[in-house]
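Peer 1: Have a look at this one before I ask anything.
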Amino acid sequence: MPEANLPKTYDPAGTEARWQQAWESSGAFHPDPGAPGEPFSVVIPPPNVTGSLHMGHAFNTALIDTIVRFQRLQGKNVLCLPGTDHASIAVQTILEKQLKAGGQRKEDLGREAFLEKAWAWKAESGGTIVGQLRRLGYSVDWRRERFTLDAGCSAAVIEAFNRLHEQGLIYRGEYLVNWCPASGSAVSDLEVEMKEVDGHLWHFRYPLTAGAAADGRTHLEVATTRPETLLGDTAVAVNPKDPRYADLVGQTLTLPLVGRQIPIVADDHVDAEFGTGCVKVTPAHDPNDFAIGQRHDLPLITVMARDGSMNEAAGRFQGLDRFEARQALVAAMEEGGFLVKVEPYRHSVPFSDRGKVPVEPLLSTQWFVRTEPLAARCREALDAAAAGPEPRFVPERWSKVYRDWLTDIRDWCISRQLWWGHRIPAWFVVSETGGVITDSTPYVVARDESEAMAKAESIYGTGTHAHPMVLEQDPDALDTWFSSGLWPFSTLGWPDADAPDLARWYPTSVLVTGFDIIFFWVARMTMMAGALMESRGDASAAWIPFRDVYIHGLVRDENNRKMSKSAGNGIDPLLLIERYGADALRFALVREVAGAGQDIRLDYDRKSDTSATVEASRNFANKLWNATRFALMNLDGETPASLGAPIAAELESEDRWILSRLVRTADEAAELYGSYRLGEAAKLLYEFAWNDLCDQYIEWTKPRLACEDAAARTAARRVLANSLAALLVMLHPLMPHLTEELWHALTGSDLDTFLALQAWPELEQGWIDDSYEQAFQFGIESVRALRNLRALSGVKPSERLPVGIHSGIPERQAFLEANQGKILRLVGGSTMGLDPKPTTGQLLGIVDSDAQVGITVPQQSLDAFRRRLEKDLEKAEKEIKGLAGRLANPNFGGKAPPEVVAECRANLAEAEAQAEEARRRLADLV
RNA sequence: GCGCGAUUAGCUCAGCGGUAGAGCGCCUGCCUUACAAGCAGGAUGUCGCUGGUUCGAACCCGGCAUCGCGCACCA
């Protein structure tokens with residue numbers, strides 16, 4: 001519990017743990033779908049259970065939690081739902097690596113034992129992750145925590161697969177897929193990363209079957225970066241417009257080493273300008289060649305096995321690994337006189353994201369999602385929604401990236417030859433094909449085995465077919481992103497259309513995620529929703545699973561590299577939390593965010609595990625701590641509630657000023673938070689708290705808090721207590737633990753009442769007042785000018801000196817008379833004169849053209865003072881020159897808006913007056 | 001090749017038509033009892049280069065340069 005006397009420095013560790021525990025055990029963030037309040041919902045991007053969280057997760061968490069905590073303060077019925085992702089291929093890769101280290105393969109364990117291991121891994125990693133998320137103070141509903149492979153999500157996957165299949169949106173077929181030999185699985189296009197590598201371009205001679213052409217040519221020359229695929233060549237292609245080869249099209253070549261006769265075909269794909277203009281065509285091993293093969297009805301010859309070695313079709317190269325085969329083949333070609341030359345060649349090679357090896361385009365029978373109809377629906381929602389694009393991207397530019405990807409999209413290969421994941425709900429009728437699964441084994445898609453059996457019976461259960469009917473479920477698993485694509489509705493209870501959470505919180509309010517998974521995840525979710533949630537919709541796109549998509553940048557390290565586990569430059573968020581506190585880390589991350597979703601850079605010293613950025617936020621936390629400590633010391637047991645709201649009649653200058661600033665800040669902060677400009681909200685509140693409340697208000701009001709006059713003291717207490725309480729509420733989304741702690745200390749609220757569930761401050765708009773703000777600003781500037789003179793004078797700070805301030809403006813004079821005592825205290829003055837006449841022994845300074853200040857000093861430090869005056873003069877003269885130049889331009893007077901011209905004139909007069917004043921002072925000095 | 005972003009104080013970044021700001025760092029002085037994780041005062045910039053639009057450009061438009069990212073790729 002908050003201590004009556006707060007210690008001098010804030011210690012986050014105990015405080016944070018205490019409130020995390022209190023929030024969770026009280027169910028503070030466990031919303032009731034039946035409760036009132038506008039619904040606001042977020043499902044968090046589920047982290048992969050691949051180990052522990054990195055800074056990117058902490059960043060994402062800080063942003064989401066700031067948003068949902070703000071919305072809670074707005075009185076909405078907020079659901080923030082947490083969970084984790086089973087990360088099929090990533091986790092399986094980790095586990096297989098572990099097995100390999102122990103000299104085992106997954107086949108040695110068997111499917112069941114392997115899955116047990118995987119679940120054990122999930123339990124450990126998931127536990128670590130959830131622990132880390134708790135340490136950040138995430139205000140999610142842990143009672144609704146989900147896992148993409150839990151019973152509910154699995155049921156959703158089966159249902160989704162069946163419905164998509166029924167709609168003709170899932171099909172099975174043999175196509176060229178990206179095969180990852182390391183994982184032993186197909187992967188999708190998105191899981192392939194193009195990398196530049198230094199390779200070679202081998203030029204080969206393919207002899208004409210006819211011996212020699214009319215012009216005497218005996219062969220064509222082709223070039224390749226992958227000689228081993230030669231064994232699967234079934235044609236050589238040239239451009240149809242290429243005059244060099246026009247007469248050869250239709251003839252055949254003899255494929256070296258193999259002896260196969262392959263045709264010369266004409267195809268537009270071939271660039272006549274590149275190389276010799278002849279391309280070898282290997283339809284079974286290259287996507288472009290596959291397309292050429294389709295157009296020319298070429299045979300497909302697969303020469304490679306799934307482990308990346310050469311197969312029986314490779315003849316004498318069979319059994320060799322694909323890279324060994326390359327060497328062997330080149331050697332054989334050279335020996336046979338078919339090698340023309342070898343050039344070094346830098347080119348892009350597709351690599352598997354997970355396996356980190358080159359992927360092999362391979363013919364394979366897999367399951368696919370037909371994406372175009374789904375993508376079309378998403379594009380329509382983006383372009384045609386009456387109420388604006390759905391979803392709405394923030395920043396908007398990402399919608400173009402999203403749309404472009406949904407245009408010309410290719411079908412999505414969803415089957416994976418993996419064990420860890422959702423097993424595909426399809427059953428092969430193996431009794432039809434001798435007990436084994438082949439590409440031609442018939443299958444049924446069903447919700448479970450008994451439904452599958454019933455379906456199979458109805459189709460194959462008659463007459464000629466084998467009995468008894470034997471089914472075997474497809475051994476393959478689904479792409480992880482298939483279940484992730486259902487996340488916004490599977491977590492809310494889908495496919496139960498009547499699930500209360502689904503009814504209340506779907507579609508979700510905002511999705512907050514990094515741009516790197518727009519394709520993987522964001523687009524998959526909208527596509528899935530288009531097929532499965534569309535029935536919800538009326539005319540509008542109510543099925544789109546989130547209204548807004550807030551895209552944030554990546555966290556980069558001190559060298560501007562993306563922080564990632566694989567690069568080894570990640571920073572464990574817990575390290576920084578332990579050193580500075582979760583609030584400091586959160587505030588630092590959010591504060592770094594610029595408006596446009598730029599990447600953020602977190603500076604970090606790896607030797608000492610320190611970060612200047614986070615430290616600055618920690619210091620801010622400590623500042624708030626001490627401001628509250630100061631308030632408590634002066635409130636004498638009173639609270640904002642017991643004191644009541646400030647009363648206009650008893651307010652002094654600084655009260656009116658801080659209240660005006662407070663209301664403005666609250667309005668602006670609400671606007672910024674609500675429009676996802678979180679970094680700006682953080683900076684605004686930081687400045688208000690530190691500059692306005694602490695540096696100015698508290699300092700000006702100290703004399704009243706200490707004075708004998710009970711009425712004056714109470715007035716000051718009211719303003720201080722209320723301003724601070726409002727500030728703590730406004731900062732709560734950014735620094736939840738600290739503000740919860742301080743708010744309890746300040747308000748004396750019960751333990752089971754939470755700041756997290758309070759309302760955003762309701763403040764009197766009437767407190768906003770420009771004239772008070774201006775008058776007080778004059779006070780601030782006068783004090784600064786006097787302090788500056790003192791600093792120049794070299795007089796000991798402890799020595800009190802007579803000061804003078806002069807202004808010709810009645811309001812200012814009134815302000816000065818009313819605040820003499822406070823000003824004297826702030827500048828270390830002994831007496832204050834309001835006399836305009838400079839006297840000898842005074843150092844004089846300028847506030848503006850109206851106001852001058854002076855201090856009386858025993859000995860003047862004339863050199864420093866002169867330098868200051870010269871500098872003032874120089875500055876004023878420079879300004880005069882600029883302003884006069886502008887005014888002298890006849891076009892300026894004619895075309896610029898009158899108020900700009902007037903302002904310019906006023907500034908000129910001001911600068912001239914200041915210059916004049918400075919000259920006079922300089923003359924006096926001599 | 002197509003597209004996107006960045007280029008502002010020593011560092012990290014705001015600002016996006018009226019003559020430049022913050023944090024950190026730096027200089028000077030302060031343990032002024034809320035806070036030295038602090039206070040006060042101060043210094044620091046041909047706003048990447050180059051044309052143009054405008055009375056006026058860090059900001060708008062056209063080039064160029066450098067860095068970074070995405071997509072597509074020619075064997």
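The values are calculated or read from the model by the stated rules, or taken from the named source; none is laboratory data. Keep in mind that what you see is a predicted model, and the values were worked out from it rather than measured. We place every Cβ from the backbone using ideal geometry, glycine too, and count neighbours over all the protein chains shown. With ligands, DNA and RNA removed, areas are computed over all heavy atoms of the protein, side chains included. Shrake-Rupley method; radii C 1.70, N 1.55, O 1.52, S 1.80 Å.
Peer 1: If I ask for residues that are among the polar types (S, T, N, Q), under 26 Å from A:C694 (Cα atoms) and without any contact (Cβ under 8 Å) to a residue 12 or more places away in the chain, which ones from segment A:585-639 would you list?
Peer 2: Of everything in segment A:585-639, just one residue is among the polar types (S, T, N, Q), under 26 Å from A:C694 (Cα atoms) and without any contact (Cβ under 8 Å) to a residue 12 or more places away in the chain, namely A:N619.
Peer 1: Quick check on segment A:51-61. Is at least one of its residues surrounded by fewer than 19 Cβ atoms within 10 Å (Cβ to Cβ), closer than 24 Å to A:R144 by Cβ and of a type in the set (S, T, Y)?
Peer 2: Yes.
Peer 1: Cβ contacts < 8 Å: first residue within 17 Å of A:E773 (Cβ to Cβ), restricted to segment A:654-679; second residue among the hydroxyl-bearing types (S, T, Y) and open to solvent by 10 Å² or more (accessible area, probe 1.4 Å), any location; separation 6+ or different chain. Result?
Peer 2: Note: pairs meeting the criteria are A:R656/A:Y772; A:W657/A:Y772; A:S660/A:Y772.
Peer 1: While we're looking at this one, here's another question. For segment A:93-106, check the following and say yes or no: at least one residue is under 18 Å from the mean Cα position of the chain (by Cα), among the charged types (D, E, K, R) and crowded, with 21+ Cβ neighbours inside 10 Å.
Peer 2: No, segment A:93-106 has no match at all.
Peer 1: Next up: State which residue is farthest from RNA strand B (Cβ to nearest atom) when the search covers only segment A:577-598 and only residues that are open to solvent by 50 Å² or more (accessible area, probe 1.4 Å) and among the charged types (D, E, K, R).
Peer 2: Residue satisfying both the conditions and the ranking: A:E578.
Quick grid of which residues meet (1) among the aromatic types (F, W, Y); (2) under 47 Å from the mean Cα position of the chain (by Cα); (3) within 18 Å of A:L208 (Cα to Cα):
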site	(1), (2), (3)
A:Y245	yes, no, yes
A:L253	no, no, yes
A:D267	no, yes, no
A:D289	no, yes, no
A:R295	no, yes, no
A:E324	no, yes, no
A:F338	yes, no, yes
A:R346	no, yes, no
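Peer 1: Being within 20 Å of A:F587 (Cβ to Cβ), buried (at least 24 other Cβ atoms within 10 Å of the Cβ) and either away from RNA strand B (no atom under 16 Å from the Cβ) or at pLDDT below 95 (or both) is the requirement here; does A:H732 meet it?
Peer 2: yes
Peer 1: So, A:W657, is that one in a helix (DSSP H, G or I), surrounded by 22 or more Cβ atoms within 10 Å (Cβ to Cβ) and away from RNA strand B (no atom under 14 Å from the Cβ) or not? First the steps, then the outcome.
Peer 2: Values: in a helix (DSSP H, G or I): yes; surrounded by 22 or more Cβ atoms within 10 Å (Cβ to Cβ): yes; away from RNA strand B (no atom under 14 Å from the Cβ): yes.
Yes.
Peer 1: Related question: Output the number of the condition that A:D242 fails; it satisfies all remaining conditions of (1) more than 10 Å from RNA strand B (Cβ to nearest atom); (2) modelled with pLDDT under 95; (3) open to solvent by less than 10 Å² (accessible area, probe 1.4 Å).
Peer 2: If we test A:D242 against (1) more than 10 Å from RNA strand B (Cβ to nearest atom); (2) modelled with pLDDT under 95; (3) open to solvent by less than 10 Å² (accessible area, probe 1.4 Å), just (1) comes out false.
Peer 1: Looking only at segment A:267-275, decide whether some residue is more than 16 Å from RNA strand B (Cβ to nearest atom) and open to solvent by 20 Å² or more (accessible area, probe 1.4 Å).
Peer 2: Looking for residues that are more than 16 Å from RNA strand B (Cβ to nearest atom) and open to solvent by 20 Å² or more (accessible area, probe 1.4 Å), one finds none in segment A:267-275, hence no.
Peer 1: Further question on the same structure: Output the qualifying pairs, or none if there are none: Cβ atoms under 9 angstrom, residues six or more apart or on different chains, first residue in segment A:886-907 and on the phi < 0 side of the Ramachandran plot, second residue outside any helix (DSSP H, G or I) and surrounded by 11 or more Cβ atoms within 10 Å (Cβ to Cβ).
Peer 2: A:R886/A:A896; A:C904/A:A896
Peer 1: May I pose another question? Could you list, in sequence order, the residues of segment A:1-54 that are within 22 Å of A:S617 (Cα to Cα), away from RNA strand B (no atom under 16 Å from the Cβ) and of a type in the set (G, A, S)? I'd like the intermediate steps shown before the answer.
Peer 2: Let us first name the residues in segment A:1-54 that are within 22 Å of A:S617 (Cα to Cα), namely A:2, A:6-20, A:53-54.
Narrowing further to those that are away from RNA strand B (no atom under 16 Å from the Cβ): A:17-20, A:53-54.
Across segment A:1-54, the qualifying residue is only A:A17.
Peer 1: Right, next: Mind checking which residues of segment A:154-188 are in a helix (DSSP H, G or I) and out of contact with any Leu (no Cβ under 7 Å at 6 or more places or on another chain)?
Peer 2: Correct list: A:S154, A:A155, A:I158, A:E159, A:F161, A:N162, A:L164, A:H165, A:E166.
Peer 1: Sticking with this one: For segment A:345-461, which helices (runs of 4 or more DSSP H) that fit wholly inside it have 2 or more residues that are under 21 Å from A:T480 (Cα atoms)? Before the answer, list the steps.
Peer 2: Numbers: elements: A:372-384, A:398-406, A:449-460.
Helices (runs of 4 or more DSSP H) meeting the threshold: A:372-384, A:398-406.
Peer 1: Out of A:F338, A:F368, A:F351, I need the residue that is under 25 Å from A:C180 (Cβ atoms) and open to solvent by 20 Å² or more (accessible area, probe 1.4 Å). Which one?
Peer 2: One residue alone meets the criteria, A:F351.
Peer 1: I'm told A:L684 meets every condition in (1) at pLDDT below 95; (2) farther than 14 Å from A:L728 by Cα except one. Can you identify the failing condition by its number?
Peer 2: So the condition that A:L684 fails would be (2).
Peer 1: How many of the residues in segment A:749-777 are surrounded by 12 or more Cβ atoms within 10 Å (Cβ to Cβ) and assigned to a loop (DSSP other than H, G, I, E, B)?
Peer 2: Matching residues across segment A:749-777 total 10.
Peer 1: Separate question: Return the residue satisfying two criteria in turn: it lies in segment A:375-422 and is over 24 Å from the mean Cα position of the chain (by Cα) and of a type in the set (K, R), and of such residues it is modelled with the highest pLDDT.
Peer 2: For segment A:375-422, the residue satisfying everything is A:R416.
Peer 1: Here are some conditions: (1) out of contact with any helix residue (DSSP H, G or I) (no Cβ under 9 Å at 6 or more places or on another chain); (2) of a type in the set (V, I, T); (3) at pLDDT 85 or above. A:T839 meets all but one. Which one does it not meet?
Peer 2: With (1) out of contact with any helix residue (DSSP H, G or I) (no Cβ under 9 Å at 6 or more places or on another chain); (2) of a type in the set (V, I, T); (3) at pLDDT 85 or above applied to A:T839, the lone miss is (3).
Peer 1: Another question, if that's okay. Considering each residue of segment A:778-820, count those that are in contact (Cβ under 8 Å) with a residue 12 or more places away in the chain and part of a helix (DSSP H, G or I), and give that number.
Peer 2: Going through segment A:778-820 one residue at a time, the tally reaches 22.
Peer 1: Check off (1) open to solvent by 10 Å² or more (accessible area, probe 1.4 Å); (2) touching a His at 6+ places or on another chain (Cβ under 8 Å); (3) more than 13 Å from RNA strand B (Cβ to nearest atom) for A:L253 and give me the number that stays unchecked.
Peer 2: (1)
Peer 1: Now a separate question. Anything in segment A:620-658 that is among the small types (G, A, S) and on the phi < 0 side of the Ramachandran plot? List them, or say none.
Peer 2: If we filter segment A:620-658 for residues that are among the small types (G, A, S), which is where we start, we get A:621, A:627, A:631, A:637, A:641-642, A:644-645, A:648-649, A:653.
Within segment A:620-658, A:A621, A:A627, A:A631, A:A641, A:S642, A:A645, A:A648, A:A649, A:S653 meet the criteria.
Peer 1: Okay, next question. With the requirement that a residue be surrounded by 16 or more Cβ atoms within 10 Å (Cβ to Cβ), over 28 Å from the mean Cα position of the chain (by Cα) and not in a helix (DSSP H, G or I), what does segment A:668-709 give you?
Peer 2: none
Peer 1: Shifting gears a bit: Quick check on segment A:193-209. Is at least one of its residues open to solvent by 10 Å² or more (accessible area, probe 1.4 Å) and part of a loop (DSSP other than H, G, I, E, B)?
Peer 2: yes
Peer 1: Here's something else I'd like to know. If a residue must be assigned to a helix (DSSP H, G or I), within 8 Å of RNA strand B (Cβ to nearest atom) and over 23 Å from A:F778 (Cβ atoms), how many such residues does segment A:852-900 contain?
Peer 2: 8
Peer 1: Just the residues that are without any contact (Cβ under 8 Å) to a residue 12 or more places away in the chain and under 16 Å from A:R226 (Cβ atoms), please, taken from segment A:324-344.
Peer 2: Answer for segment A:324-344, where residues must be without any contact (Cβ under 8 Å) to a residue 12 or more places away in the chain and under 16 Å from A:R226 (Cβ atoms): A:E324, A:Q327, A:A328, A:A331.
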